[in-house]
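Quick note: the coordinates plus some simple rules give every number you see, no bench work behind them. Given the structure is predicted, the values throughout are model-derived calculations rather than measurements. Note: ideal-geometry Cβ built from the backbone for every residue, glycine included; neighbour counts use all protein chains shown.
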Amino acid sequence: MPAPNTLTAARPRTDFLSATDAARLVARVGVVEVLRMITYAIEADYGRWQDFDKSARTAAHSVQGVIELMPVADARDYAFKYVNGHPLNPRLGLPTVMAFGALADVATGMPRFVSELTLTTALRTAATSAMAARRLARADSRSLALIGNGSQSEFQALAFMGLLGIRELRLFDVDPAASHKLVCNLQPYLPQFGATARVFPSTQDAVHGADIVTTATADKAYATIIHESMVEPGMHINAVGGDCPGKTELDAGVLRRADVFVEYEPQTRIEGELQQMPADFAVTEFWRVVQGLAPGRSSAQQITVFDSVGFALEDYSALRSMHALARSAGLLAQIELIPTLADPKDLFSMVRQTGLSSASKAA
């Protein structure tokens, strides 16, 4: 029998963060503080954009929705996310978006962290919006119109109140119950920031006079949530909900009036508001702004759009942030994802040993 390999005989350890423990972690640390940490992590990773092996996500589309895989890697880490988008899921008692993902060591391929990413995706999406708005919105912005008051909305609101100084929330959703839910969830936080939240009867009413507009709607449709006539000089727009082929939120005229910034252009051309535009329509990848290679906002009257579809690098940033926070809080479990082998070339030994153990118990 070959001698045990001391490098592989040790029990492989994969950390695990469940959905319940992720929520417990965010509650313990504080939503705004977690958003702050993830925002800084995303910006730091955008600052070393060239270090990453990047690709557009792989998507499997159906009539009901989409399922996607999102990978990214640098010289040390490999990360991926599995995520879906099924707008009719709430009728079945399921979230519209569900996700999980992992971090692995590039040197060995060993997965060291597996995590829920449903809650974490909402956090990283809001963090990305705040990161972009910090450079693209006017510095004196104080009002946010939030169109679409579903699962993303609380995180978007808290990111903008806590990280950018927003003090007026102007809310609209086609489902009044969603807006009521949002206001109720935000009530404990509004006094902390000296902020107000008001529900408006239409998108146009909510957007009028807003400094920043975030659209976070769920329908998989070519929709026009924001018309060109609603856009005012100096406005910054975060287009969050349009994130797959056949799904948009902005009138093409809005894009033509604005300077448009994107995460990863090859992906956004297919999935974002850009799918409405010709292939030569000019955009700026946001990493160029972070690295000082391109301007962000250049005047008070400028209209800016962040055509955000979600990119795997942001999930990597969020995964490493949540891993570090969960380790410090003692909320990581361990799972047996990889087999423990005395001889790494003898995978069948697991079956043989398990069979012998079962036979012994039966006897």
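Each of Met235, Met322, Met37 was scored by other Cβ atoms within 10 Å of its Cβ. Arranged with the fewest first, they read Met37, Met235, Met322.
For the pair region 216-238 / region 123-154, the C-alpha centres are spaced 14 Å from each other. Which value at 222 nm does the chain reach when only helices count, each DSSP H run of 4 or more adding -39,500 (n - 2.57), with the total divided by all residues and rounded to the nearest 500 deg cm²/dmol? Value at 222 nm, helices only, nearest 500: -11000 deg cm²/dmol. Summarising the strand pairing of region 237-363, around 10 percent of its internal DSSP beta bridges are antiparallel. Only one item in (i) -0.75, -1.01; (ii) -0.90, -1.13; (iii) -0.82, -1.17 matches log10 I(q)/I(0) by the Debye sum over Cα atoms at q = 0.11, 0.13 Å⁻¹ derived from the coordinates shown, and that item is (i). Would you mind checking the tilt of helix 31-46 against the longest principal axis of the Cα atoms of the chain, expressed as 0 to 90 degrees and rounded to 10? Relative to the chain, helix 31-46 is tipped by roughly 80 degrees.
Considering only Leu123, Pro111, Met98, the residue lying farthest towards the positive end of the dipole of region 79-143 is Leu123, judged by Cα position with unit charges set on Cβ. For the pair Ile338 and Val174, a Förster radius of 45 Å applied to the C-beta separation gives a FRET efficiency near 0.45, rounded to the nearest 0.05. Taken along the Cα-to-beta-carbon direction at a fixed 7 Å, the label points for Glu228 and Ser55 span 3.9 nm. Dipole magnitude for the chain: computed about the Cα centre from +1 point charges on Lys and Arg Cβ and -1 point charges on Asp and Glu Cβ, it is near 880 debye. Restriction of the trypsin sites (Lys or Arg not before Pro) in region 67-97 to DSSP coil positions whose beta-carbon has at most 11 other beta-carbons within 10 angstrom yields Arg76. Ranking Ala197, Leu332, Thr354 by how far each Cα lies toward the positive end of the dipole of the chain (charges on Cβ) leaves Thr354 at the top.
Of Arg320, Arg124, the sequence from fewest to most neighbouring Cβ atoms within 10 angstrom is Arg320, Arg124.
Residues Glu265, Glu249 in ascending order of nearby Cβ atoms (within 10 Å, fewest first): Glu265, Glu249. Close lysine pairs were tallied over the chain: pairs 8 or more places apart or on different chains with Cα atoms under 27 Å apart number 8.
Label sites at Gln192 and Arg257, each approximated as a point 7 angstrom past Cα along Cα to Cβ, lie 3.5 nm apart. Between Ala44 and Ser62, the distance separating the two model label sites (each 7 Å from Cα on the Cα→Cβ line) works out to 3.9 nm.
Taking a spot 7 Å from the Cα of Arg112 along the direction of its beta carbon, which residues of region 312-333 have an amide N less than 12 Å from it? Only 320, 323-324 fall inside the zone, counting backbone N under 12 Å. Is region 259-363 best put as rounded, prolate or oblate by its Cα gyration tensor, with a ≥ b ≥ c the root eigenvalues, rounded for a/c under 1.5, and otherwise prolate when a/b is larger than b/c, oblate when not? In terms of gyration-tensor shape, prolate. For the pair region 167-186 and region 257-312, the centres of their Cα atoms are 28 angstrom apart. Considering region 139-310, its Cα convex hull presents a mean projected area of 9.4 nm².
Once the Cα atoms are used to define both axes, helix 348-362 deviates from the longest principal axis of the chain by about 70 degrees. When both bridge partners sit in the chain, DSSP labels roughly 50% of those beta bridges antiparallel. Between helix 19-29 and the chain there is an angle of about 60 degrees, using the helix long axis and the longest principal axis of the Cα atoms.
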